[in-house]
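Undergrad: Before I ask anything, let me first share the structure, which is written out below as structure tokens.
Values in this text are rule-based calculations from the coordinates and carry no lab data. In this text the structure is predicted, and so the values were computed from the model without any measurement. All Cβ positions, even for glycine, are placed from backbone atoms using ideal geometry, and neighbour counts span all protein chains on display.
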Amino acid sequence: MAQAKFGPRLQILLFCINIFFLTSLGLAAFYYGLLPSSFLLVLVYIIIWALLFASAVDFFDNRSYGRLSGRKFLVLAFGVVLVSALFTHSVWAIITPRWSFVVSTDKTTYRPGEPLSITVSLKNNGLISHSFKSALSNPIFVSVEYQYSPSIPFLHQVYYSPFSETVAAFVVEPGEILERSFLWNQTDIYNPEQEIEQGLYWIHALIPRETAETIGFDNIFSAWTSINITST
């Protein structure tokens, strides 16, 4: 008698496990983009669902096990799907990195020749520790740029922070802030004897990927801010 009851219970358990697994797999692949997707894989995924429900209907309709009504069957399936979706979403929410990357200055307006204090902060807003690798050992790079003429559609770099192109790994705990400070004395790094012009300057802060071949073109994090240099 115990063995007779154990058979249908095991079948129900396996049915629930399969639904749980397929739901989690579908969310990971199609919603979160964690797995590769293609038309063939989607077709196979749909066929597996169809086969699962077809086999389950045959089993639950078997009167020797005690027939499970269609309503109970749908409630069971929907309940497992819901539990699986909530579980997958909770895991995703926990493991997903959430960063804030900000560049700021001590003031927004400076007089000519007045030193600028630049602060760059990377904060881990996630629930667990997260890591990354940078092409720089610092790992933050800062560049100050100026557009000399509205007719020239590019910025001229007047300052960049010292850096060492050495791949380094960094681990940031939940709520921890990785902060770096820089000081620019309003000198053009390429023409130190020439006084820089007054106007709007852009400050670009970034962390390059470990695979970046040129600093500034392949970044993990990037942020901008602007300051104004004027004598008035």
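Undergrad: Can you give the extra length, in nm with one decimal, that the chain gains between Ile128 and Ser181 once fully stretched, where that is 0.36 nm per residue apart less the Cα-Cα distance?
TA: Result: 16.5 nm gained on full extension.
Undergrad: Based on DSSP H assignment, which helices of the chain show an axial Cα extent of at least 27 Å together with a mean Kyte-Doolittle hydropathy greater than or equal to 1.6?
TA: Taking the DSSP H segments of the chain (at least 27 Å long, mean hydropathy at least 1.6), we get 39-60, 70-95.
Undergrad: Okay, moving on. Label 7 Å along Cα→Cβ of Asn191; region 126-170 residues with amide nitrogen under 18 Å?
TA: Of the residues in region 126-170, 144-160 have backbone N under 18 Å from the label point off Asn191.
Undergrad: Oh, and also: Among the chymotrypsin sites (Phe, Trp or Tyr not before Pro) in region 135-174, which ones are in a DSSP loop with at most 14 other Cβ atoms within 10 Å of the Cβ? Mind listing them?
TA: Tyr148, Phe154
Undergrad: Starting from 0.36 nm per residue, how many nanometres of slack lie between Val171 and Leu40 once their C-alpha separation is accounted for?
TA: Using 0.36 nm per residue and subtracting the Cα-Cα distance, I get 43.3 nm.
Undergrad: Taking the convex hull of the alpha carbon atoms in the chain, what volume per residue do you get, in Å³?
TA: It comes to 203 Å³ per residue, whole-number rounded.
Undergrad: What size of dipole, in debye to the nearest 20, comes out for the chain about its Cα centre when the only charges are +1 on Lys and Arg C-beta atoms and -1 on Asp and Glu C-beta atoms?
TA: 1940 debye
Undergrad: What's the extension gain from Glu114 to Gln198 if we count 0.36 nm per residue and subtract their Cα-Cα distance?
TA: 29.1 nm
Undergrad: Next question. Between Tyr32 and Val102, with labels modelled 7 Å along Cα→Cβ, what's the label distance in nm to one decimal, could you check?
TA: Modelled inter-label distance: 2.9 nm.
Undergrad: Taking the Cα centre of region 99-229 as origin and charging only Cβ (+1 Lys, Arg; -1 Asp, Glu), how large is the dipole, in debye to the nearest 20?
TA: 320 debye
Undergrad: If you don't mind, there's one more thing I want to ask. Under a crude label model (7 Å from the Cα following the beta-carbon direction), how far is Ala54 from Ile12 in nanometres?
TA: 2.5 nm
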